[in-house]
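The structure appears right after this line, and notes come after that.
Every number in this text was worked out from the coordinates using simple rules, so none of it is lab data. The structure presented is a predicted model; accordingly, all values stated were derived computationally and were not measured. In this analysis, Cβ positions are derived from the backbone assuming ideal geometry, glycine residues included, and neighbour counts consider all displayed protein chains.
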Amino acid sequence: MKKLLVTLAAVLVSASAFGQGTINFTTRIVGTLDAPVFKPDGVTGAGAGTAANAQLFLLSGGVYTALTPATTFRATPAGAAQNYVIPPADPVVVPTVAGGSQATIVLRAWEGASYDTAAIRGESAPITITLGGGGSPPAVPANLVGLQGFNLVPEPSTMALGLLGAAALLYRRRK
């Protein structure tokens with residue numbers, strides 16, 4: 001009886017994994033998708049020098065939920081290839097959203113340990129796509145069709161804001 005319950009639980013867990021929506025995490029598919037990401041200068045690819053990280057986020061009710069795995073941008077060959085992510089080996093699974101359903105996705109990129117603490121970061125405009133996966137046999141993962149490229153931008157630093165405040169105080173004192 002115990003073996004039967006363990007087998008049944010394993011089957012249910014496996015079946016639920018196939019029910020989740022999936023995404024093909026790439027920013028370039030010739031003729032279908034071209035979403036380059038640039039450094040702040042608007043010319044250099046996000047993979048040049050200090051390579052940026054990239055991650056997809058599910059946007060629902062104003063809340064961003066990170067989808068794994070995260071990836072980086074191509075470092076070589078130099079040039080246009082550095083604008084595109086290195087696709088993970090497996091599709092990105094979107095938990096709580098069934099295959100065939102729609103989801104709003106955002107691509108975030110940053111230099112550093114995390115998006116929230118990064119000095120240079122950026123994000124795409126949200127796109128709504130119909131997820132792959134689900135069904136029997138499972139459907140192929142959805143492509144990020146409609147994703148647009150963007151530039152990473154430096155975030156204002158505390159020191160710059162402090163200097164601006166000090167300048168304002170000095171200006172006011174002169175009056």
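Structural remarks
- Peptide packing for 78-84, 20-26 was compared via the average number of neighbouring C-beta atoms within 10 Å per residue; ordered from the highest value, the list is 20-26, 78-84.
- Computed over segment 25-113, the range of Cα coordinates on each principal axis works out to 39, 30, 22 Å, biggest value leading.
- Amide H within-cut-off set for Ser101, under 5 Å, with H built and near neighbours excluded: Leu131
- Cα-projected label distance for Thr130 with Thr50, points at 7 Å along beta-carbon direction, nm: 4.3 nm
- One decimal place: the segment Ser60-Ala113 gains 16.7 nm when fully extended, by the rule 0.36 nm per residue minus the C-alpha distance.
- Seen from every direction in turn and averaged, the convex hull around the alpha carbons of segment 61-104 projects onto 4.5 nm².
- Cβ-derived FRET efficiency at R0 25 Å, Asn24 paired with Thr96, nearest 0.05: 0.85
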